[in-house]
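The values are calculated or read from the model by the stated rules, or taken from the named source; none is laboratory data. Everything numeric in this text was worked out from a predicted model, so none of it was measured. Don't worry about glycine lacking a Cβ; one is built from the backbone with ideal geometry, like all the others, and counts go over all protein chains shown. Just the protein is used for accessible areas: all its heavy atoms, side chains included, with ligands, DNA and RNA removed. Shrake-Rupley method; radii C 1.70, N 1.55, O 1.52, S 1.80 Å.
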Amino acid sequence: MKLGFFGAGNMNSAIARAIAGEFESKSYIYTPSFFSAQKLADEIGATAIKNLKEFPHCDIYFLGMKPQQLSDFSELTKSLLNEKSIIISMLAGVSTNTIHRSLGIEKIVRVMPNTPSLIGQGVLTTYFSKSLLDNQKKVIESLLSSCGDVFVFATEDEIDKTTCVTGSGPAYFFEFCRILEGYLVEQGISQKSSNLMVKQLFMGSAMLSNINDEGFEQLRNNVTSKKGVTFEALESFKESGLEEITNKALASAYKRTKELSL
């Protein structure tokens, strides 16, 4: 199987590394600067391509460049792509219809990974265009699963609706970590200890939820005693409108996703 990677940013690189470690394949990588392509190619045993005109025909192409570079890319790859080509796009907000109009390709997969994909623990929301065969879908799901859990949706709008949670979610997580760490430091706990405690707090909690059949609400209740310390904090969150603020933020993020859609 021949794989082509256009772009060597975090997500495209993560997928290229994961595939190289688990699958028998030949990978080719192109970036305008060539430097990033060469660096990634050397790392995973792939081939860096300096000129797009020299890019070989592949079974699957991963698009990991910036969305605004799609039009320039389409002009440079007219002779490379054909009706058998499969495109896997990580271009945020770019619909399969837009990709089809730009590249003339029918078989398109849209995927939205998140940054934990870098360590094989990602959430990858996925949509397949109608022209892909079942066996092709299985191969692609297998490739993507090397970076984490793959969730296949029936519509592209479901990807847009979930991006503000799964795609942006790591930023919310790290922001809350930052706030908790800052509080501990203000209380006189060392920066190092504060950082490690917060990391272990969330890692342990995530692992507990993963092996427990109880829902998040019950897991929360298991920590909470009436009129206790945790209860007071949760009541303060409620009085401050944490749930309403969060839902408002997610709605704004979804709206922005639609505004950026091409």
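The table for this structure:
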quantity	calculated
Matching option when the condition is out of contact with any His (no Cβ under 9 Å at 6 or more places or on another chain), of a type outside the set (Ser, Thr, Tyr) and surrounded by 19 or more Cβ atoms within 10 Å (Cβ to Cβ), among Val139, Val123	Val123
Among (1) of a type outside the set (A, V, I, L, M); (2) in contact with a Ser or Thr (Cβ under 7 Å, 6 or more places away or on another chain); (3) surrounded by fewer than 19 Cβ atoms within 10 Å (Cβ to Cβ); (4) modelled with pLDDT of 90 or more - the single one Ser71 does not satisfy	(4)
Cβ pairs under 7 Å, 6+ apart, first in segment 168-194 and touching a residue at least 12 places away in the same chain (Cβ under 8 Å) and within 30 Å of Thr125 (Cβ to Cβ), second aromatic (Phe, Trp, Tyr) and surrounded by 14 or more Cβ atoms within 10 Å (Cβ to Cβ)	Cys177/Phe202
Residue match in segment 97-114 (condition: of a type in the set (D, E, K, R) and within 14 Å of the chain's Cα centre (by Cα))	yes
Residues that are in a strand (DSSP E or B) and either open to solvent by 10 Å² or more (accessible area, probe 1.4 Å) or modelled with pLDDT under 90 (or both), drawn from segment 108-120	Arg110, Met112
Evaluation of Ile19 against (1) closer than 20 Å to Ser142 by Cα; (2) in contact with a Gly (Cβ under 9 Å, 6 or more places away or on another chain); (3) open to solvent by less than 20 Å² (accessible area, probe 1.4 Å) (one fails), failing number	(2)
Conditions (1) surrounded by 11 or more Cβ atoms within 10 Å (Cβ to Cβ); (2) on the phi < 0 side of the Ramachandran plot; (3) at pLDDT 95 or above: number failed by Thr257	(3)
Elements of type helices (runs of 4 or more DSSP H) contained in segment 152-241, each with 1 or more residues being of a type in the set (D, E, K, R) and exposed (fewer than 13 other Cβ atoms within 10 Å of the Cβ)	169-186, 191-211, 216-223, 229-239
